[in-house]
Each structure stands twice: as structure tokens, then as C-alpha cells.
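Take a look at the structure below.
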Ligand SMILES: Cc1cc2nc3c(=O)[nH]c(=O)nc-3n(C[C@H](O)[C@H](O)[C@H](O)COP(=O)(O)O)c2cc1C
């Protein structure tokens, strides 16, 4: 799927982010960063559905993401024991995990060719590190690399309420062509369960990544007004 360059301008000057021409889905290589914001379940669901759709998935959980995994899902895993089976209960041969402290990992270099990166969920700490180009772990560094290489970067920020600093950081990154997909589940599809809400939202994330999917339901105009 061809992607047109985004021409953006903001109060800090204009920026042109030429998004790489996207490979067909089966050739796509994605980096998935998971950080310590609430909603690690969005990440585990994405990691369940993404591997069969694309060529490779490279995953890094921050230390705080593993803490949230423990606190929200009662799952205790240390970084060196992370596997796709442990996280999702499903196997996939095209998923590689990285230690967040391994700043020499392949995904820390722009020479590794990728389609793009998604940070899901994205904490305000990671948002700030990316917005200001100050990486302190591998999720930040990989995001920094995607920005410098002009590749697609999708962030799924989660916090409430948002401070002026958070809002400034979101606007800064949006102006540089980063796709901001806040973890704000919708209700228009009439979800029956939390899983329905997660799937509908992960569909929106996949849409922003440019990965065709039929995970959630697409809006149809109601035929009758009650
Ligand atoms: C259970 C739990 C939930 C959290 N939820 C959020 C959140 O929704 N948003 C956020 O910005 N930080 C949240 N935090 C705080 C971050 O984990 C913390 O700022 C951390 O330093 C983020 O590090 P990271 O960006 O390297 O993952 C949460 C922490 C815990 C333990």
C-alpha cells in the first residue's frame, strides 16, 4: 500500500515527515513497544492478532510495563522469560522479544529496516522522552529511530486527566507526523464485554498502523432513529 508523505506545519516551524512506502502486509516488519501505562491488555491483544498478519514483530516491554502486567493481569514475568505463548497463550514463530536495557539491540539501529513502530499503551513518561528526544531505554530509542528515519510511529497514550505538559508533548509529536491514537474506547458499536471494547480499539490501532483487519465492527448508519 503506497503511503503519501505527510506535509505538516506547526508553530515550531514546518516539518515534513516522509513516511516510508509501506510494504504489502505480509512483508511488514513492526516494532511494538509496551510501556507502563494502564491498559496492558491492549498490548497483549495486539500481540495476539498482529503476528499472523505481518512478516515480523519485534517486541520490547519496559520494566514499568511488566510491573503493570503484574498489577493489572496478575502475570509475573521477568524480561528474559517473555514469550508470546506466556503473554497470549498462542505460539508465533515471527515474534522476537528484547530486553529494555539492551540499547545495542537490532531495533536500536536505523539500519534495521522496519515498516513502523507502535507504542501501546504509551505512558506519559515515555511520551515525554520521545517528544524531547531523550531516550533512557530501548522503547524510547526505537521510537527515536523511527522518527529520525521518517518511518511510521503510532502512539497509544493513556493517562487521565492530562496535564498541560502531556498535552504539549502530544501536540509536539502530532505536528511531527506521529500518529496519536489515545486509549479512548468508543461505545457506538454497543460493546457487550470488555473484550469487545478492546477489540474495537485494537482495530483502530491496526487501522492507524495500516494493517488491514476485521477485528472490530465498522460504523454503519442506523436505518431507523428510535
Ligand atoms: C498499575 C500502574 C498503572 C499506571 N498507569 C499509568 C498510566 O495510565 N499512565 C501513565 O502515564 N503512567 C502510569 N503509571 C506510571 C508509569 O508506569 C511510570 O511513570 C513509569 O515510570 C513509566 O515508565 P515507562 O514509560 O518506561 O514504561 C502506572 C503505574 C502503575 C504501577
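The values are calculated or read from the model by the stated rules, or taken from the named source; none is laboratory data. For clarity, every value in this text was computed on a predicted model and none was experimentally measured. Because the Cβ atoms are built from the backbone with ideal geometry, glycine has one as well, and the counts that use them run over all protein chains shown.
Okay, residues lined up against (1) away from the ligand (no atom under 16 Å from the Cβ); (2) closer than 14 Å to residue 56 by Cα:
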residue: 90; (1), (2): yes, no
residue: 99; (1), (2): no, no
residue: 107; (1), (2): no, yes
residue: 114; (1), (2): yes, yes
residue: 135; (1), (2): no, no
residue: 139; (1), (2): no, no
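The set of residues in region 18-38 that are surrounded by fewer than 20 Cβ atoms within 10 Å (Cβ to Cβ) and either assigned to a strand (DSSP E or B) or within 13 Å of the ligand (Cβ to nearest atom) (or both) comprises 29, 38.
Yes/no per residue for (1) away from the ligand (no atom under 16 Å from the Cβ); (2) buried (at least 20 other Cβ atoms within 10 Å of the Cβ); (3) part of a loop (DSSP other than H, G, I, E, B):
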residue: 167; (1), (2), (3): no, no, no
residue: 184; (1), (2), (3): no, no, yes
residue: 196; (1), (2), (3): yes, no, no
residue: 202; (1), (2), (3): yes, yes, no
residue: 206; (1), (2), (3): yes, yes, no
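Would you check if residue 7 is in contact with a strand residue (DSSP E or B) (Cβ under 8 Å, 6 or more places away or on another chain) and modelled with pLDDT of 95 or more? Criteria not met by residue 7.
The residue that is farthest from residue 104 (Cα to Cα), counting only those in region 45-67 that are within 16 Å of the ligand (Cβ to nearest atom) and buried (at least 22 other Cβ atoms within 10 Å of the Cβ), is 65. For region 131-162, taking the residues that are out of contact with any helix residue (DSSP H, G or I) (no Cβ under 9 Å at 6 or more places or on another chain) and over 15 Å from residue 174 (Cα atoms), the one that is surrounded by the most Cβ atoms within 10 Å (Cβ to Cβ) is identified as 149.
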